[in-house]
Amino acid sequence: MRNFKPTTLALLTSSAILAAGSVQADREDWPDNFTVGTASQGGTYFVYGSGWANFIADELDISGGGEVTGGPTQNLALVHNGDAAFGLTTMGPAADAVSGKSPLAPGLEMDNVCAMFPMYETPFSITVLSDSGIESISDIPDGARIGFGPSASTSDTYFPAMLEELGVNFERRNGGWSDLGGQLQDGLLDVIAFAAGIPIPAVSQLEVQTDVNIIEFNEDELETVMNAFPVAEFSIPASTYETLEEDARAVSMWNFAIAGCDLPEDFVYEVTKATMENNDRMMSVHRSAATTIPENIKHNTVLPFHPGAARWYEENGYEIDEDMIK
């Protein structure tokens, strides 16, 4: 056993107390708990957001959890207003929110929303029952009953406009993904137009219970949609669903986790650090977290980064322009 002189032991004890006090002081302005705005049950946002919230709560020893919401557009408003510390959103609704074009608050520039870390790309995909006879977008009949997810969600904001651009006439329906999946199976809907990280839990559940078709965009449809909306080409890997025999063409939009810009810098730094340094743990939450890595911060060109998040990136060699930090 190593022996210490009394004076040495006193110094070590004093240092330990000071260090502990320093850590405690750093947490003095932290919130007692936190909420993460996700989306409806049955969608990737809910699974990803709730799992991530539980991970952060355990990692930082603070109470926190996911909350069912209307999705990206509502999450921006919740975070801006301080009703949720964190939220999940996509770049399209984020661009609308900061420019005062959010459908939930027209004219209000949401300037208390900061980016924290990249999540994954959201593919826009279409699912129908196999016995519907629908095998392409052009097969969708006039007046088809199409479920677009929760009202004001990314899917509900962009997918109807995309399909209109492609000449599809439809009846618009809203609801949670699990509920819409049940309606499709019961014949109350003809089509579900999903915008969610893959694999989408509701689609995976559907294909266990019945035969479905996952409809892809053809090349002309891809070009038309990409020219009209802030999306990029995406390929849904065949391994995503049992139904797919080969990769399916789609379009996508990037997702980011957001934080209130007024949250303590040290708090957001530790949250970002835990997330970015534990990708294996994030992958256990949802496999779409394979792209929840710092290299993908480049896909945020809309929201300023929270200073706490920016500090972690810069300490680890990832550059962020000064004008992109709050």
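The values are calculated or read from the model by the stated rules, or taken from the named source; none is laboratory data. No experiment lies behind these values; they were computed from the predicted model shown. Neighbour counts run over all protein chains shown; Cβ positions are idealised from the backbone, glycine included. Calculation scope for accessible area: heavy atoms of the full protein, side chains included, ligands and nucleic acids excluded. Shrake-Rupley method; radii C 1.70, N 1.55, O 1.52, S 1.80 Å.
Values as computed for the structure displayed
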{"item": "Top-ranked residue in the range 33-46 [being at pLDDT 95 or above and surrounded by fewer than 23 Cβ atoms within 10 Å (Cβ to Cβ); ranked as farthest from residue 88 (Cα to Cα)]", "result": "33"}
{"item": "Residue in the range 143-152 that is nearest to residue 230 (Cα to Cα), counting only those that are open to solvent by 10 Å² or more (accessible area, probe 1.4 Å) and touching a residue at least 60 places away in the same chain (Cβ under 8 Å)", "result": "152"}
{"item": "Number of positions in the range 101-133 that are open to solvent by 10 Å² or more (accessible area, probe 1.4 Å) and assigned to a loop (DSSP other than H, G, I, E, B)", "result": "11"}
{"item": "For residue 220: the one exception among (1) over 23 Å from the mean Cα position of the chain (by Cα); (2) surrounded by fewer than 21 Cβ atoms within 10 Å (Cβ to Cβ); (3) over 30 Å from residue 301 (Cβ atoms)", "result": "(3)"}
{"item": "Filter result for residue 178 (of a type in the set (Ser, Thr, Tyr), closer than 26 Å to residue 73 by Cα and either modelled with pLDDT under 95 or part of a helix (DSSP H, G or I) (or both))", "result": "yes"}
{"item": "Answer from 112, 174 - the residue that is under 21 Å from the mean Cα position of the chain (by Cα) and free of Cβ contacts under 8 Å to residues at least 40 places away in the same chain", "result": "174"}
{"item": "Leading residue by the ranking (farthest from residue 214 (Cα to Cα)) among those in the range 178-192 that are touching a strand residue (DSSP E or B) at 6+ places or on another chain (Cβ under 8 Å) and open to solvent by 50 Å² or more (accessible area, probe 1.4 Å)", "result": "188"}
{"item": "Residues satisfying the stated conditions in the range 262-275, i.e. open to solvent by 20 Å² or more (accessible area, probe 1.4 Å) and hydrophobic (A, V, I, L, M, F, W, C)", "result": "263"}
{"item": "Failed item, numbered, when residue 302 is tested on (1) in contact (Cβ under 8 Å) with a residue 24 or more places away in the chain; (2) touching a strand residue (DSSP E or B) at 6+ places or on another chain (Cβ under 6 Å); (3) β-branched (Val, Ile, Thr); (4) part of a loop (DSSP other than H, G, I, E, B)", "result": "(2)"}
{"item": "Lone unmet requirement of (1) part of a loop (DSSP other than H, G, I, E, B); (2) crowded, with 22+ Cβ neighbours inside 10 Å; (3) aromatic (Phe, Trp, Tyr) for residue 318", "result": "(2)"}
{"item": "Matching residues, the range 288-302, being under 14 Å from the mean Cα position of the chain (by Cα) and open to solvent by 40 Å² or more (accessible area, probe 1.4 Å)", "result": "290, 291, 293, 299"}
{"item": "Scope the range 90-100; condition of a type in the set (A, V, I, L, M, F, W, C), within 30 Å of residue 248 (Cβ to Cβ) and open to solvent by less than 10 Å² (accessible area, probe 1.4 Å); matching residues", "result": "94"}
{"item": "Matching residues, the range 259-277, being out of contact with any His (no Cβ under 9 Å at 6 or more places or on another chain) and of a type in the set (Ser, Thr, Tyr)", "result": "275"}
{"item": "Only one of 251, 285, 268, 225 that is over 27 Å from residue 83 (Cα atoms), of a type in the set (Val, Ile, Thr) and under 20 Å from the mean Cα position of the chain (by Cα)", "result": "251"}
{"item": "Residue match in the range 193-216 (condition: in contact with a helix residue (DSSP H, G or I) (Cβ under 6 Å, 6 or more places away or on another chain), within 26 Å of residue 87 (Cα to Cα), aliphatic (A, V, I, L, M) and in a strand (DSSP E or B))", "result": "yes"}
{"item": "Residue in the range 231-244 that is closer than 30 Å to residue 126 by Cα, open to solvent by 10 Å² or more (accessible area, probe 1.4 Å), of a type in the set (Asp, Glu) and not in a helix (DSSP H, G or I) present", "result": "yes"}
{"item": "Residue under evaluation residue 254, criteria (1) open to solvent by 30 Å² or more (accessible area, probe 1.4 Å); (2) within 14 Å of residue 198 (Cα to Cα); (3) assigned to a loop (DSSP other than H, G, I, E, B), criterion not met", "result": "(3)"}
